[in-house]
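Presented below is the structure to which this report refers.
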Amino acid sequence: MVKFLDLHKINNRFRDELEASFSKSLEDSYYILGNNVSNFENEFAEFCGAKFCIGTANGLDALTLILKGYIQLGKLKKGDKIIVPANTFIATILSVLHADLVPVLVEPDPNTYNISIDSIKENLKDAKAIIMVHLYGQLCAIEGLQDIAKKHNLLLIEDAAQAHGAISEYNGSRAGNLSHAAAFSFYPSKNLGALGDGGAVTTNDGELTEVIKLLRNYGSIKKYTNKIIGFNSRLDDMQAAFLNIKLKALDNDNNKRRAIAKAYINGITNPKIKLPFYNGSQNHVFYAFAIEVEDRQGFTKFLELHKIEWLIHYPIPPHKQVALDAFSSLILPITEKIHKRIVSLPMSPVMTKNDVQRVIVVLNLY
Ligand SMILES: *Cc1c(COP(=O)(O)O)cnc(C)c1O
């Protein structure tokens with residue numbers, strides 16, 4: 001059996017340190033917004049090259065609090081249009097709706113699966129911001145996005161939930177430091193994953209940082225003094241301690257993912273399989289290695305027969321979800337085609353050489 005993602009094996013590498021930090025938290029008994037959160041915020045900001053990091057309860061909240069923060073600062077207002085990729089995990093779009101803003105769904109580039117600059121240009125009317133998603137861990141076309149944002153005076157936001165550690169070829173900056181504000185998720189399966197939920201915002205904007213710190217904690221910096229109508233969306237202190245341990249391994253883990261991706265790309269020669277676009281640089285951290293096939297049902301049955309686990313990121317596009325019925329009449333053929341054909345292969349920093357070889361052999365047999 002080749003596992004899709006062996007979370008036990010991933011986290012067990014850090015067992016001694018994780019247990020020690022749990023013991024310390026139990027001794028200290030300081031559970032909410034303690035030193036572990038501020039230490040992690042400092043470390044992660046530095047890692048990303050951003051001035052500030054604010055821990056949040058999860059990735060969806062990180063995105064939502066960025067948007068709510070801009071509303072609080074008067075840079076966005078209720079009903080403003082926000083350009084988002086149609087081809088994304090639903091959270092990106094939900095954050096816009098939760099902030100009482102209007103998502104404008106645009107098509108991806110069929111080669112990289114990331115938001116297409118041309119389709120953004122066709123949808124600029126009245127737009128106030130763009131949320132880019134570094135899908136599957138591959139950075140978006142930063143240069144083009146930064147140009148458009150500057151030219152049209154738009155806020156540029158990153159959904160970096162799948163791209164921890166990716167480095168731009170264009171300017172050498174990391175995900176989290178390529179826009180006005182970035183949202184990360186530390187959901188357990190992400191490249192930097194907690195042992196539960198977690199998220200963070202990174203930014204160089206001090207004003208936005210202060211507002212998000214208020215928003216995540218009942219509108220309060222000082223206990224029982226509430227300045228604005230806030231939420232409860234704090235990064236858990238123990239998760240922050242775990243994340244600080246795992247952050248030290250992130251670059252190395254991403255290198256392993258890239259090495260596996262290169263082995264797949266060199267090894268899989270089956271013409272029935274469309275391999276992902278990858279330019280060989282550090283701009284991709286392979287949260288997912290997604291291929292396209294014509295007959296997905298037949299292909300996934302074949303993988304099951306050969307005991308290779310798989311997943312689909314994602315089987316139904318957001319605008320075809322029952323929850324987003326209001327968007328169901330949109331015509332987005334590129335997004336729909338990708339969602340019908342895509343399959344993710346096993347990918348993680350703990351795969352063995354044998355696992356990788358086995359996947360290659362089986363895919364070439366298909
Ligand atoms: C995981 C993910 C999120 C949401 O993160 P949660 O921590 O689960 O809330 C948002 N956007 C993308 C692209 C994701 O992959």
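The values are calculated or read from the model by the stated rules, or taken from the named source; none is laboratory data. Just so we're clear, the structure is a prediction, and the values are computed from it rather than from any experiment. A quick note on method: Cβ atoms are made from the backbone with ideal geometry, for glycine too, and the neighbour counts reach across all protein chains shown. Just the protein is used for accessible areas: all its heavy atoms, side chains included, with ligands, DNA and RNA removed. Shrake-Rupley method; radii C 1.70, N 1.55, O 1.52, S 1.80 Å.
May I ask you to rank Lys213, Lys151, Lys9 by accessible area, largest first, using a 1.4 Å probe over the protein chains only? If you can, show how the numbers build up before the last one.
Working: Lys213 60, Lys151 165, Lys9 85 Å².
Largest accessible area first, the residues go Lys151, Lys9, Lys213.
Springs between alpha-carbon atoms under 10 Å, Gaussian network over the chain: tell me which of Phe302, Phe289, Phe186 tops the mean-square fluctuations.
Phe302
State the Cα centre-to-centre distance between segment 76-151 and segment 171-225 in whole Å.
Between the Cα centres of segment 76-151 and segment 171-225 lies a distance of 19 Å.
Of Tyr30, Tyr70, Tyr366, Tyr187, which has the most accessible area with a 1.4 Å probe, and how do the rest follow in descending order? Each step should come with its number before you reach the end.
Values: Tyr30 145, Tyr70 0, Tyr366 45, Tyr187 120 Å².
Largest accessible area first, the residues go Tyr30, Tyr187, Tyr366, Tyr70.
What does the C-alpha gyration tensor say about the overall shape of segment 143-243? Classify as rounded when a/c is under 1.5, otherwise prolate if a/b is larger than b/c, or oblate.
Oblate.
222 nm [θ] for the chain, helices only, -39500 (n - 2.57) per DSSP H run of 4+, per residue, to 500? If you can, show how the numbers build up before the last one.
Working: 13 runs with 143 residues, N = 366.
Mean residue ellipticity, 222 nm, calculated: -12000 deg cm²/dmol.
In percent, how large is the relative contact order of segment 250-365, given Cα pairs closer than 8 Å and 6 or more residues apart? Provide the component values of the computation, followed by the final result.
Working: 121 pairs, mean separation 42.6, N = 116.
It rounds to 37 percent for segment 250-365.
Suppose all protein chains stay in the model; what accessible area per residue would a 1.4 Å probe give for the chain, in Å²? Present the calculation step by step, with values, prior to reporting the outcome.
Working: 16370 Å² over 366 residues.
That works out to 45 Å² for each residue.
Can you give the Kirkwood hydrodynamic radius of segment 250-365 from its Cα pairs, in Å with one decimal? Write down the numbers at each step before the final one.
On the way: mean 1/r = 0.0649 Å⁻¹.
Value: 15.4 Å, from the Cα pair sum.
Over 5 Å intervals from 0, what percent of Cα-Cα pairs in segment 228-307 sits in each interval?
3, 11, 15, 15, 13, 11, 10, 10, 7, 3, 2, 0
What residues have an amide H closer than 5 Å to that of Asn217, excluding those fewer than 5 places away on the same chain, when H is modeled at 1.01 Å from N in the peptide plane?
Phe231, Ser233
When we measure straight from the Cα of Lys3, which aspartates and glutamates land under 14 angstrom away, once same-chain ones fewer than 8 places off are left out?
The qualifying aspartates and glutamates are Glu304, Glu309, Asp355.
Per the 1.4 Å probe, what fraction of the accessible area of the chain, in percent, lies on carbon and sulfur atoms?
Summing carbon and sulfur atoms, their accessible area is 53 percent of the total for the chain.
Compute the projected area of the convex hull of the Cα atoms of the chain, averaged over all viewing directions, and report it in nm² to one decimal place. Walk me through the numbers on the way to the answer.
Details: hull surface 72.3 nm².
So the Cα hull casts an average projection of 18.1 nm².
Looking at segment 187-274, which chymotrypsin sites (Phe, Trp or Tyr not before Pro) are in a loop (DSSP not H, G, I, E or B) and have at most 14 other Cβ atoms within 10 Å?
On the way: sites: Tyr218, Tyr224, Phe231, Phe242, Tyr264; in loops: Tyr218, Tyr224, Phe231.
Those satisfying the criteria are Tyr224.
Of the residues Val96, Val350, Val201, which exhibits the maximal mean-square fluctuation in a Gaussian network model of the chain defined by a 10 Å Cα contact cut-off?
Of Val96, Val350, Val201, the Gaussian network model singles out Val350 as fluctuating most.
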